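Worksheet: one structure, shown below.
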Amino acid sequence: PGQRDLAAATYRTIDGRGRAFAQAPTGIGKTISTLFPAAKALGLGHAEKIFYLTAKTSGRRIAEKAIDDLRGGGARLKSLTLTARDKICFKPNGGSTCDPDQCEFARGYYDRINDALEDIFTHDAFTRTLIEECAQKHRVCPFEFSLDLAPWCDVIICDYNYVFDPRAFLKRFFQDTRGQYAFLIDEAHNLVDRAREMFSADLCKSEISGLKRLVGKTHPDLSKQLDALNRYFAKLGKKVEQEGDGECWISPQLSTDLMALVHNVLRAAEKVLEQGAALPFWDELIECYFRVLGFERIGELFDEHYTTYTEKQGRDIRFRIFCLDPAHNIRQALERGCAAVFFSATLSPLAYFRDLLGGEEGDTLFSLGSPFPPEHLRLLLADHIETTYKKRGESYDDIAESIAALVSQRAGNYLAFFPSYKYMEEVATRFAEAHPDIDLLVQESGMSDREREAFLSAFDAEPSQPEQYTVGFAVMGGVFGEGIDLVGERLVGAVVVGVGLPQLCLERDLIRHYFDERDISGFTYAYVYPGMNSVLQAAGRVIRTASDRGAILLVDRRFAQSRYRQLFPASWHPVHSVRNPAHIAQSLTEFWCHDPTYT
Ligand code: SF4
């Protein structure tokens, strides 16, 4: 269900050279439902290439599999998965200071590339593994090789930045030209903040002064230009004290003096870089050069959708060009292609995402219902507990006992999401003391890939003993808050503590003021919608297939307010209000007794 609607809308959007924003719940098969019609449109000449944009490795794999399935069904498609230079580079420094003159995979590249192309063209799916194997065999740079494959491919699977980021977009397709490219944008809810980051830039005084120290007197012109920029940063530091609040100074203007100094540094650095990698400070220079170049490019985009701020960071001064509203820049980038379909399980409210992702009135907006039986989900709302910052201290025990009440009704795996590490740890301490019989895992800040895998491996298998209870405590909006797929018994319940509001910070407040000035509720755009998106993502971990059953417990008085309630998906109906742990247990006993696997 829903698959046909999404496929039809995608086809119509590409055929009509339009834009569509689709909220399509988990289980619909969003990837195949967008790739299949896009491939059909390609076959009929409505587009010349498909860009499938996804931020995650898991999304890339799903897209590769869907394209394999299309090929299995007879479609003749060549596809390419682009991997970031620093990940696919064969050299130990990951290409961050890539100097083609010094790299054996770049020297003589054009002598060997034709053999590599001929070799790989016997395949249709140019995956990362295949590209690496072939590039090693022919001793060519894997990143350049993948870029050289791109013009020959029908579908390119890549990160958002290859289309949108002014510092990284694919110049061979998008520089000053427009093509018949269809953009399929997966997990598009992530693009709002990703785009803000892509269209923003910063520089620190320490970067400039650090490079100046290394350059010393060896290159007088570069040294002079760095010195001038460094002095400008010192002046900015004074502004923080004289015109700001001592910590930060906000200005809606971008100084042309600053950009002229930045320009001078770049030109002087280029002259030095022409001398090649024999320089003792080559790595530092090239790194700083690209940082400053990125800053200049972002500065060129500066307009009324931006602001700037300078802040003190210890003894350092940081200047940031901050994109408040990425819509205009995204729209410009979309003009590089002919059609775009944005989709996600949590693209709600659609008009908000349309407005911030470069859409306009008249674009197609649609939301598909959940394909899962509604009776498979029990949604509980503990709105007697307050989780606002002031009231948190009073809520720890109540939350610990509410989680225990949820878990104790059925053996299995559960996740509980919290608004902050501090809050999570306070509840975890109480929970562990009161319920030593329940296995507890707690997310830690800055976990390595291996530690994350270890955390998730506790959810890998179905419980080995019938009475095994496991709860993972995690932070909402963090690495376990989305993109993990715990099907069936791997996850039978989730607790969401709080309405997910992002932490109060300068940038969020700047966004808030920006929208307030435009007669749009800034608090809603800066805090409520992003917060509820994290809530929906976290809660969305529970029901992943038509046979999954599970319970979600929302904990916060604010969930009862219409501002939040109206953002609940239709599949969250009915909402069962619970007043205490005994009430939670009672509601769940009644729910689970309908589950045939419940004993
Ligand atoms: S040329 Fe390619 S392989 Fe060599 S350092 Fe640069 S990115 Fe890495």
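Go through 295, 342, 319 for me and flag whichever is surrounded by 21 or more Cβ atoms within 10 Å (Cβ to Cβ), outside any strand (DSSP E or B) and touching a strand residue (DSSP E or B) at 6+ places or on another chain (Cβ under 7 Å).
Details: 342 fails: outside any strand (DSSP E or B); 319 fails: outside any strand (DSSP E or B).
Only one candidate qualifies: 295.
Counting just the residues of the stretch 114-155 that are away from the ligand (no atom under 16 Å from the Cβ) and closer than 12 Å to residue 83 by Cβ, which one comes out nearest to the chain's Cα centre (by Cα)? Show your work before the answer.
We begin by selecting, within the stretch 114-155, every residue away from the ligand (no atom under 16 Å from the Cβ); these are 114-115, 117-127, 129-130, 151-155.
Imposing the further condition that a residue be closer than 12 Å to residue 83 by Cβ reduces the set to 126-127, 129-130.
Values: 126: 24, 127: 22, 129: 24, 130: 26 Å.
Checking each candidate, the answer is 127.
Mind telling me which of the residues 181, 162 ends up being within 15 Å of residue 83 (Cα to Cα), at pLDDT 95 or above and of a type in the set (Phe, Trp, Tyr)?
Working: 181 fails: within 15 Å of residue 83 (Cα to Cα).
One residue alone meets the criteria, 162.
Restricting attention to the stretch 393-404, does a residue exist that is touching a Leu at 6+ places or on another chain (Cβ under 8 Å), of a type outside the set (Lys, Arg), in a helix (DSSP H, G or I) and at pLDDT 90 or above? Before the answer, list the steps.
Within the stretch 393-404, the subset touching a Leu at 6+ places or on another chain (Cβ under 8 Å) is 402-403.
Narrowing the set further to residues that are of a type outside the set (Lys, Arg) leaves 402-403.
Next, from what is left, pick out any that are in a helix (DSSP H, G or I): 402-403.
Then drop every residue that is not at pLDDT 90 or above, which leaves 402-403.
Checking the stretch 393-404: at least one residue is touching a Leu at 6+ places or on another chain (Cβ under 8 Å), of a type outside the set (Lys, Arg), in a helix (DSSP H, G or I) and at pLDDT 90 or above.
Go through the residues of the stretch 509-529 one by one and say whether even a single one is within 25 Å of residue 196 (Cβ to Cβ), acidic (Asp, Glu), part of a loop (DSSP other than H, G, I, E, B) and without any contact (Cβ under 8 Å) to a residue 40 or more places away in the chain. Steps first, please.
Quick first cut of the stretch 509-529, residues within 25 Å of residue 196 (Cβ to Cβ) only: 509-529.
With the extra rule that they be acidic (Asp, Glu), the set shrinks to 509, 516-517, 519.
Then keep just the ones that are part of a loop (DSSP other than H, G, I, E, B); that gives 517, 519.
Applying the additional criterion that residues be without any contact (Cβ under 8 Å) to a residue 40 or more places away in the chain yields 517, 519.
Among the residues of the stretch 509-529, at least one is within 25 Å of residue 196 (Cβ to Cβ), acidic (Asp, Glu), part of a loop (DSSP other than H, G, I, E, B) and without any contact (Cβ under 8 Å) to a residue 40 or more places away in the chain, which makes the answer yes.
Can you work out which of the residues in the stretch 405-426 that are closer than 26 Å to residue 591 by Cα and assigned to a helix (DSSP H, G or I) is modelled with the lowest pLDDT?
Filtering the stretch 405-426 down to residues closer than 26 Å to residue 591 by Cα leaves 405-418.
Next, from what is left, pick out any that are assigned to a helix (DSSP H, G or I): 405-408.
Numbers: 405: 96, 406: 95, 407: 93, 408: 89.
Per the stated criteria, the residue is 408.
Considering only the stretch 431-501, give the strands (runs of 3 or more DSSP E) lying wholly within it that have at least 2 residues that are surrounded by fewer than 22 Cβ atoms within 10 Å (Cβ to Cβ). Outline the logic, then answer.
On the way: elements: 439-442, 469-475, 493-497.
Output list reads 439-442, 469-475.
Please specify each residue of the stretch 95-109 satisfying the condition of being of a type in the set (Phe, Trp, Tyr) and either more than 13 Å from the ligand (Cβ to nearest atom) or assigned to a loop (DSSP other than H, G, I, E, B) (or both).
Keep residues of the stretch 95-109 that are of a type in the set (Phe, Trp, Tyr), which gives 105, 109.
Result: 105, single match.
Test of understanding: among 258, 273, which residue is buried (at least 18 other Cβ atoms within 10 Å of the Cβ) and outside the structural domain of residue 509 (by TED's automatic domain parsing)? It would help to see each step written out before you state the result.
Details: 273 fails: buried (at least 18 other Cβ atoms within 10 Å of the Cβ).
When all the criteria are applied, what remains is 258.
Exactly one condition in (1) closer than 25 Å to residue 554 by Cβ; (2) modelled with pLDDT under 95; (3) aliphatic (A, V, I, L, M); (4) in contact with a helix residue (DSSP H, G or I) (Cβ under 9 Å, 6 or more places away or on another chain) is not met by residue 447; state its number.
(1)
Among residues belonging to the stretch 65-94 that are near the ligand (Cβ under 8 Å from one of its atoms) and buried (at least 19 other Cβ atoms within 10 Å of the Cβ), point out the one that is nearest to residue 281 (Cα to Cα).
Per the stated criteria, the residue is 89.
The values are calculated or read from the model by the stated rules, or taken from the named source; none is laboratory data. Worth saying up front: this structure is predicted, and the values here are computed from it rather than measured. Don't worry about glycine lacking a Cβ; one is built from the backbone with ideal geometry, like all the others, and counts go over all protein chains shown.
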